[in-house]
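**Student:** One structure, as structure tokens, below. Some questions next.
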Amino acid sequence: MEQFYRMLKEYNIEFLKKNYDVPEWFLQFTEDPPPLYWRTIYKILKDEDKAKPIIEVGAGYGDVTALLYFLEFKNILSFELNRPLIEKINQKILALCGKRPTVINRKYPVKTDHTPGIIIQVNCIYSSSFKTKLDYLEGIRRLYLLNGIPYMFLFESIDDSYREPNDTYPYYVRLNEDDIKQTFPHCKIDSYPTYVYPNNRVSKTLYKICT
Ligand SMILES: C[S@@+](CC[C@H](N)C(=O)[O-])C[C@H]1O[C@@H](n2cnc3c(N)ncnc32)[C@H](O)[C@@H]1O
């Protein structure tokens with residue numbers, strides 16, 4: 001994994017020389033160590049069955065996508081709503097993993113032709129379609145259910161221990177483990193802190209939600 005991350009980081013450093021207008025979160029993938037959420041996904045998925053179909057929500061610049069291809073998952077379907085990113089993801093996966101990824105330029109959830117084994121939504125909190133915490137949690141549950149219940153849902157959320165005002169992350173998208181347990185009542189839930197305020201800008205937790 002260390003060697004693969006070194007390649008990913010070098011690729012991103014070169015990419016930055018030609019693409020100045022990148023969001024700040026992308027810069028994590030040009031530094032050491034790799035972001036904790038990325039390492040956590042690696043640890044969770046490295047021994048999983050690689051035949052399980054994956055849906056990735058919000059591929060961004062393809063850094064988690066690249067990890068999934070590196071781990072040799074056989075059936076990965078990524079969604080990214082920002083069209084200009086699609087070709088950048090394609091180029092990254094081809095350069096680093098020798099594969100042409102399947103990246104769909106749509107906002108997930110949408111109907112697919114199979115049930116995912118694993119859904120991954122990390123570093124991807126968009127609050128604008130919701131007004132209350134209940135709305136927000138129902139939206140997350142709809143996304144989880146739409147194509148049939150996955151065996152595993154990896155979902156990173158803003159943690160409600162983070163109490164500073166922040167327009168990007170209104171209070172209703174800040175969750176705790178009880179919110180997750182109530183939203184997924186029959187699931188086994190493990191939680192992994194990935195960012196902690198004030199060392200980081202916000203606090204986040206990655207939840208592993210399994211049937
Ligand atoms: C902050 S980036 C993170 C990308 C990636 N998950 C990572 O950790 O490197 C989030 C991306 O998700 C995309 N996005 C947000 N909501 C989405 C949705 N419902 N369906 C597809 N893409 C989405 C945004 O366009 C953005 O590029």
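Coordinate-derived values only; no laboratory data. Predicted model, so just to flag it, every value in this text is computed and none were measured. Cβ placement follows ideal geometry from the backbone for every residue including glycine, while neighbour counts extend to all protein chains displayed.
**Student:** Per DSSP helix of 4 or more residues, -39500 (n - 2.57); summed, then divided by the residues of the chain. What does that give at 222 nm, rounded to the nearest 500?
**Tutor:** Only helices count here, giving -10000 deg cm²/dmol.
**Student:** Tally Lys and Arg at +1 and Asp and Glu at -1 over the other residues with C-beta under 14 Å from the C-beta of M1: what net charge comes out?
**Tutor:** Summing Lys/Arg as +1 and Asp/Glu as -1 gives 0.
**Student:** Further question: Which entries in K52/K133; K18/K43; K18/K111; K92/K208; K52/K208; K9/K43 show an alpha-carbon gap greater than 25 Å?
**Tutor:** Beyond 25 Å between Cα atoms: K52/K133; K18/K43; K18/K111; K92/K208.
**Student:** For the range 34-210, give me the percentage of DSSP beta bridges that are antiparallel, rounded to the nearest 5 percent.
**Tutor:** Here the share of antiparallel DSSP bridges comes out near 45 percent.
**Student:** Also, I was wondering about something else. Aspartates and glutamates near K181 by alpha-carbon distance under 17 Å, same-chain residues fewer than 8 away left out - which ones?
**Tutor:** D135, E138, E156, D159, D160, D190
**Student:** Translational diffusion coefficient, Stokes-Einstein: compute it for the chain using the Kirkwood radius over C-alpha pairs as Rh, at 37 °C and 0.692 mPa s, and state it as an integer in µm² s⁻¹.
**Tutor:** 186
**Student:** Cut-off is 10 Å between beta-carbons; in what order do S157, S191 appear when sorted fewest neighbours first?
**Tutor:** Starting with the residue having the fewest Cβ neighbours, the order is S191, S157.
**Student:** Net charge near Y195, counting Lys/Arg +1 and Asp/Glu -1 over other residues with Cβ under 14 Å of its Cβ? Walk me through the intermediate numbers first.
**Tutor:** Working: positive: R39, R174, R201, K204; negative: E24, E156, D159, D160, E164.
Once positives and negatives cancel, what remains is -1.
**Student:** Which order results if K46, K9 are arranged by neighbouring Cβ count within 10 Å, fewest first?
**Tutor:** Lowest count first: K46, K9.
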